[in-house]
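> One structure, pasted below without further comment.
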Amino acid sequence: MPDHPAPLARLARAALIPLLLCVAGCQGAVLDPAGDIALQQRNLIYASVGLMLLIIVPVMILTVVFAWRYRAGNKEATYDPHFDHSTSLELIIWSAPLLIIIALGALTWSSTHLLDPFRPLNRISATKAVDKKQRPLQVQVVSLDWKWLFIYPELGIATVNELALPVDRQVRFDMTSSNMMNTFYAPTLAGMIYTMPGMRSTLHAVLNRPGEYEGMSANYSGAGFSYMRFKLRGLDDAAFARWVGEVKGRGMPLDTANYLKLEKPSEKVPVMHFASVDPSLFQRAYERCVTPGTPCMSEIMARDHAAGGGGKPHPMKAGEGMPSGRQSLPREKPEGGLMKDTDEITPVPHNSKPRQPGVPGTTDPDSPRNRDLSFLSLPATPGHARAARG
């Protein structure tokens, strides 16, 4: 027996190294859900892949079978150089993919509505219905640069880069962003939901299994994107109550001043706890008016509507703590060209240049010098002569 493996065996082992390195970077969070929404999404992936394999596997097998059966050396195979059509083959070739596409379309359509993130849950798990007497836990999410802020308005606390949820209880997430678009993604909880400045997204989800998981931003958002991750903790009712008590006991207040400090870009931010939260903070973050003296979107829309604009007002409720003082808001909207009469629009004439010596003209249509045959006469601006552009 040789002391060293054969060259072929060594080559096979060396070829496995890149494959193992690729697999080492993979995680099974998507296929190992801890919540019912993530479970249904995983089952949807399985069903879709299974339906597609109904075509892919037979095609791969038949490719090998046909190549072997109709090889040049097989004298028993039927050879018909004039074959051009078979109704039976056409029915099989077109009907099978069509049926699979119809099945995939029906599955996608129904799943799109059943797993709509704005839609409240109709079950906690496959064996447990939603308790209609229990309100969903509300969590307000703000994506900052580059960290996640979670506000529990009913509990009066907030955290950074740590999201704790009670198991088997429906959770409603209201999401926005402070600066740029991000994607809230906790693969063991639910799918990806975008967070955008000046907009509010919603997600309904539930955790069914205690444990510690990971969430992240799935949308590139700058230098600190790689470290924009958070801990997702599933706790039973007793453990969740203890966690809330710990946050209230050792946290700092999250007021406007602390939020503005937190809003500044920073990387690798550790977990932070806030024992109290300004009740209007999330609404002001959503309406982009946390900084004192900044007008809120609802106030701008209300003034625009009062001045004759087309937008519908969405005034804030009284007592929500909106900053006052909006004297600098524009009252009049510029009128676009589509709203003007024909005689109010100054036309820009397009004239032909005088023929110049050496210009190819129609004798050489592909010549780039044909650009010199016309020019654009631009209207004069105050204090400047009329300009011409070739």
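The values are calculated or read from the model by the stated rules, or taken from the named source; none is laboratory data. Just so it is clear, the structure is predicted and the values come from calculations on it, not from any experiment. Cβ placement follows ideal geometry from the backbone for every residue including glycine, while neighbour counts extend to all protein chains displayed.
> Determine the pairs where a residue that is surrounded by 12 or more Cβ atoms within 10 Å (Cβ to Cβ), located within the stretch 112-138, has a partner that is charged (D, E, K, R) and in a helix (DSSP H, G or I) with Cβ atoms under 9 Å apart, the partner being 6 or more residues away or on another chain.
Leu121/Asp36; Arg123/Asp36; Ile124/Asp36; Ser125/Asp36; Lys128/Asp36
> Taking the conditions exactly as written (farther than 30 Å from Val269 by Cβ, assigned by TED's automatic domain parsing to the domain that holds Tyr259 and in contact with a Lys or Arg (Cβ under 9 Å, 6 or more places away or on another chain)), does Ala77 satisfy them or not?
Spelling it out, it is not the case that Ala77 is farther than 30 Å from Val269 by Cβ, assigned by TED's automatic domain parsing to the domain that holds Tyr259 and in contact with a Lys or Arg (Cβ under 9 Å, 6 or more places away or on another chain).
> Could you grab the pairs with beta carbons closer than 7 Å, sequence gap of 6+ or different chains, first residue in the stretch 54-75 and in a helix (DSSP H, G or I), second one hydrophobic (A, V, I, L, M, F, W, C)?
Listed pairs, sorted by first residue: Leu54/Ile100; Ile55/Ala96; Ile55/Ile100; Arg69/Ala77.
> In the stretch 171-191, how many residues are closer than 20 Å to Asn122 by Cα and either of a type in the set (S, T, N, Q) or under 12 Å from the mean Cα position of the chain (by Cα) (or both)?
2
> Okay, next question. Which of (1) assigned to a strand (DSSP E or B); (2) out of contact with any helix residue (DSSP H, G or I) (no Cβ under 8 Å at 6 or more places or on another chain); (3) not aliphatic (A, V, I, L, M) is the odd one out, the single condition Asp168 does not satisfy?
(1)
> Also, quick follow-up: Keeping to the stretch 104-139, report how many residues are over 26 Å from the mean Cα position of the chain (by Cα) and either among the basic types (Lys, Arg) or closer than 18 Å to Ala47 by Cβ (or both).
Selection size over the stretch 104-139: 5.
> When you scan the stretch 245-267, do you find a residue that is under 30 Å from Leu114 (Cα atoms), surrounded by 13 or more Cβ atoms within 10 Å (Cβ to Cβ) and in contact with a Lys or Arg (Cβ under 9 Å, 6 or more places away or on another chain), even just one?
Checked against the condition, which is being under 30 Å from Leu114 (Cα atoms), surrounded by 13 or more Cβ atoms within 10 Å (Cβ to Cβ) and in contact with a Lys or Arg (Cβ under 9 Å, 6 or more places away or on another chain), the stretch 245-267 yields no hits at all.
> Is one or more of the residues making up the stretch 41-54 within 30 Å of Pro187 (Cβ to Cβ), loosely packed, with under 10 Cβ neighbours inside 10 Å and outside the structural domain of Val171 (by TED's automatic domain parsing)?
yes
> Would you confirm whether or not the stretch 119-133 contains a residue that is in contact with a strand residue (DSSP E or B) (Cβ under 7 Å, 6 or more places away or on another chain), more than 30 Å from Lys248 (Cα to Cα) and part of a loop (DSSP other than H, G, I, E, B)?
yes
> Now a separate question. For the condition among the hydrophobic types (A, V, I, L, M, F, W, C) and under 30 Å from Glu263 (Cβ atoms), what is the one hit in Leu149, Leu115, Leu98?
None of the others qualify; the one that does is Leu149.
> Moving on. Of the residues that make up the stretch 93-103, is at least one exposed (fewer than 11 other Cβ atoms within 10 Å of the Cβ), not in a helix (DSSP H, G or I) and not polar (S, T, N, Q)?
no
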